[in-house]
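For reference, the structure discussed in these notes is given below.
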Amino acid sequence: MPAPRAKSRSTSSTSRRSTTRTAKATRTRARTARDSAGGVGGELVAGRIVGLFGIHGELKLQLLLGERPAFSAGERVRLRMPGGAALDVTARSLRPHAGRWLVAFDDAADPTAAQRYVGASVLAYAGELPPLGAGEYYDHQLVGCEVVDVAAAGAARLLGPVERVEHWPASDILILRGGAMVPLVHAYEPVIDLDARRITLSLPVGLIDASAGERA
């Protein structure tokens, strides 16, 4: 599992400006689950089974939400199998190893039995995710928020909704509908209002094509 990313320190549901742990960037808490949208009843893709490990049926778990799995050994886990079917299984074991997580299920004691789970998605529900501190966000909370540039001459400019969040070395990047890319950095003074589903920033001239967006 990659090293945990810094937490976002932007404020929500207020007009206060964001603060960050460093002056460099505002960061979101977790990697984006690109296909988490459209789940039923708040269903999110929290991780994926990406391969086999060892001879005892353990599987490599890639986390997409949070810094540790939302389940523990002995608990039931809901999977979305590669063919699309949902399956509830019991986690026989769960442990960190070499920067990633390894999971084994009750009905798979060897690699041959565990192979069927490779490619499956691990599901979670928004209410099951660990709570975050003030000003911290999961990526899926930002998806769908309208992005507004308040530095535009004459009037605020509506740039469009967030389709996903990408995590680059220098900062997190909001990818908007239509392909525009907006760095979520402290210098642009982001204000995130989840209640209004709106992210306002003060962007430098030329960062986004002047023809993009419309008056807010």
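Under 16 Å from a label point set 7 Å out along the Cα-to-Cβ vector of Q115, the amide N atoms of region 57-101 belong to 57-60, 82.
Model label points for A86 and A187, set 7 angstrom from Cα along the Cα-to-Cβ axis, are 4.6 nm apart. Using 0.36 nm per residue, how much length does the chain from H97 to H56 gain when fully extended, once their Cα-Cα distance is taken away? Extending this stretch completely gives an extra 13.3 nm. For region 40-128, treating each Cα as an identical point scatterer without solvent, what Debye log10 I(q)/I(0) comes out at q = 0.10 1/Å? For the requested q values the scattering log ratios are -0.21. In this structure, the amide hydrogen of G160, modeled 1.01 Å from its nitrogen in the peptide plane, lies closer than 5 angstrom to those of V147, counting only residues at least 5 positions away or on a different chain.
Quick one: order Y125, Y117 by neighbouring beta-carbon count within 10 Å, fewest to most.
The most exposed by this proxy come first: Y125, Y117.
No value in this document is a laboratory result; all are computed from the given coordinates. Just so you know, these numbers come straight off a predicted model, no measurement behind them. We place every Cβ from the backbone using ideal geometry, glycine too, and count neighbours over all the protein chains shown.
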